[in-house]
Amino acid sequence: MTDSTLVLTAHVGDFVWRAAGAIALATSRGERVVIGCMSFGERGESASLWRKGYNLDQVKAVRRQEAEEAAKVLGAEIRFFDANDYPLVETPALLQGLIDLYREVQPGVVLTHAPADPYNGDHAFAHQIALKARVLAQAPGVEGPGEVIGAPPVFCFEPHQPEQCGFLPNVLLDVTPVWERKREAMQVLAAQKHLHAYYTELGARRGLQAARNSGPNLGLPNETRAEAYMRIYPQVTQELS
């Protein structure tokens, strides 16, 4: 991670389950992290609230409050685009808003969804528009505030069922130092509390894999916790390590 990270998600809960460790690591180093949530996940990821009899505005209000509290726990800024979900679709306002956000943040790293998810088309769409806005934000001829951006690397966080999504966990991020902050952020998302156990177990499983792949130089302990990512663009380096 570099001095600024942009996290673009389809729904408000996604940044917590999939990338809270990366966010907390960055902010713990004093880096800026901005989360852009394209929707509140009001229709597709808030079943427990609908079953309580909440209406659409009430569901959105609850999910917004949860996201704001979780972002605060992680030390990140958060922006809401309220572009609806199920389905999440491209509009001129959403695309321009993302371009503007790229130009404002000037991210060194971008985190977003994987390119495929047969269980949730909103996630795949979020990936596509995140990459589209990144390219457009690089172009001097595209309207938008501030300076054009460079070419920040893009890392896709792990989907809920990676085996069905063509996800390759080729980056394992050790989030052990901030694991308790991730757990605290997960507890904030009461509307999706059924996912708490799953992502707690996943952090431990990816942690074991990180320890197994770290070699003697890192020597990660067995209680390591980790998040998995897939890199989209090639890594540019002057040394293989």
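The values are calculated or read from the model by the stated rules, or taken from the named source; none is laboratory data. If you're wondering where the values come from, they're calculated on a predicted model, not measured in any experiment. In this analysis, Cβ positions are derived from the backbone assuming ideal geometry, glycine residues included, and neighbour counts consider all displayed protein chains. Heads up: the accessible areas ignore ligands, DNA and RNA and are worked out on the full protein's heavy atoms, side chains in. Shrake-Rupley method; radii C 1.70, N 1.55, O 1.52, S 1.80 Å.
Per-residue answers, yes or no, for (1) over 23 Å from GLY121 (Cα atoms); (2) of a type in the set (Lys, Arg):
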{"site": "ALA26", "(1), (2)": "yes, no"}
{"site": "ARG29", "(1), (2)": "yes, yes"}
{"site": "ASN55", "(1), (2)": "yes, no"}
{"site": "VAL59", "(1), (2)": "no, no"}
{"site": "ASP85", "(1), (2)": "no, no"}
{"site": "GLU90", "(1), (2)": "no, no"}
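Taken over the range 91-127, the residue count meeting the criterion of being touching a residue at least 12 places away in the same chain (Cβ under 8 Å), assigned to a loop (DSSP other than H, G, I, E, B) and not acidic (Asp, Glu) is 10. Restricting attention to the range 174-198, the residues that are open to solvent by 40 Å² or more (accessible area, probe 1.4 Å), in contact (Cβ under 8 Å) with a residue 60 or more places away in the chain and either part of a strand (DSSP E or B) or within 21 Å of LEU111 (Cα to Cα) (or both) add up to 3. The set of residues from the range 113-127 being out of contact with any Lys or Arg (no Cβ under 9 Å at 6 or more places or on another chain), under 19 Å from VAL12 (Cβ atoms) and not aliphatic (A, V, I, L, M) comprises ASP117, TYR119, ASN120, GLY121, ASP122, HIS123, PHE125, HIS127.
With the structure loaded, tell me whether VAL7 is surrounded by fewer than 24 Cβ atoms within 10 Å (Cβ to Cβ), under 14 Å from the mean Cα position of the chain (by Cα) and either at pLDDT 95 or above or within 17 Å of PRO159 (Cβ to Cβ) (or both) or whether it fails that test. Talk me through it step by step, then tell me what you get.
On the way: surrounded by fewer than 24 Cβ atoms within 10 Å (Cβ to Cβ): no; under 14 Å from the mean Cα position of the chain (by Cα): yes; either at pLDDT 95 or above or within 17 Å of PRO159 (Cβ to Cβ) (or both): yes.
No; evaluated as a whole, the condition is false for this residue.
Of all residue pairs spaced 6 or more apart or on separate chains, those with beta-carbon atoms under 7 Å, a first member in the range 15-32 that is farther than 27 Å from GLN161 by Cβ and a second member that is surrounded by 24 or more Cβ atoms within 10 Å (Cβ to Cβ) are THR27/VAL33; THR27/LEU74; GLU31/THR5. Residues in the range 76-90 that are without any contact (Cβ under 8 Å) to a residue 60 or more places away in the chain and part of a loop (DSSP other than H, G, I, E, B): PHE81, ASP82, ALA83, ASN84, TYR86, PRO87, VAL89, GLU90.
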